[in-house]
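For reference, the structure is listed below as structure tokens.
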Amino acid sequence: MVVGLLYNRIVAMVEVQLDADHDYPQGLLIAFSACTTVLVAVHLFALMISTCILPNIEAVSNVHNLNSVKESPHERMHRHIELAWAFSTVIGTLLFLAEVVLLCWVKFLPLKKKTDNTPQSNSSSITSGQAAAIASTSIMVPFGLIFIVFAVHFYRSLVSHKTDRQFQELNELAEFARLQDQLDHRGDAVTSAVTNFA
């Protein structure tokens, strides 16, 4: 997926053909260029981390020694893996949604109404290109908000599950320590009884 989005963004940036006769707003062109560049950089970063970590994961999965799992670089670099996931999945998807909106504005803004060329009617209403760009924006904004709500909910669920699992493991360790103490004290009691009996 990362490679597909990356290739798509590079093609969109290279092959976008701007209308030379249209005076584009400077902010729109800067936003489109910056969004595309950051989107490609984010996906390249995620792709680089994935490419570097994958051979280590495959090597460890083929070895059936638990110590090799602890020694594997992917265990030590789990923060980098989570960062790559966040970049590619969360930030990359949000940037991709913004990119689609910006691309619609860049492509559709120069379109004019072909039916009526009187200056009075053009100045009082929006052009067909502006209408298309507004339509794409009004469709993508709710999808972006839904995506953000889902991402926050999903991340909170993952963190909650991980916290619950850690709490359960701590309780199991505490129970194990309590049983170990009981066994140690029982051994002390048997030793003292043998000493007193002798």
(request) Provide the per-residue ³J(HN,Hα) series for region 133-141, in order, calculated from phi with Karplus coefficients 6.51, -1.76, 1.60 and θ = phi - 60°, each as a whole number of Hz, with x at glycine and proline positions. (result) 5, 5, 4, 5, 5, 5, 7, 6, 4
(request) Just grab the label-to-label distance for residue 137 and residue 11, each label 7 Å out from Cα along the Cβ direction, in nm (one decimal). (result) 2.7
(request) Residues in region 136-172, backbone N under 17 Å from the label point at residue 184 (7 Å along the Cα-to-beta-carbon vector): list them, ranges by number please. (result) none
(message) Taking θ = phi - 60°, what integer Hz values does the Karplus form 6.51 cos²θ - 1.76 cosθ + 1.60 yield along region 153-169, in sequence order, with x for Gly and Pro?
(response) 4, 5, 5, 5, 5, 4, 5, 4, 5, 5, 5, 4, 5, 5, 4, 5, 5
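Every number in this text was worked out from the coordinates using simple rules, so none of it is lab data. Worth saying up front: this structure is predicted, and the values here are computed from it rather than measured. Glycine also receives a Cβ, built like all others from the backbone with ideal geometry; neighbour counts cover every protein chain displayed.
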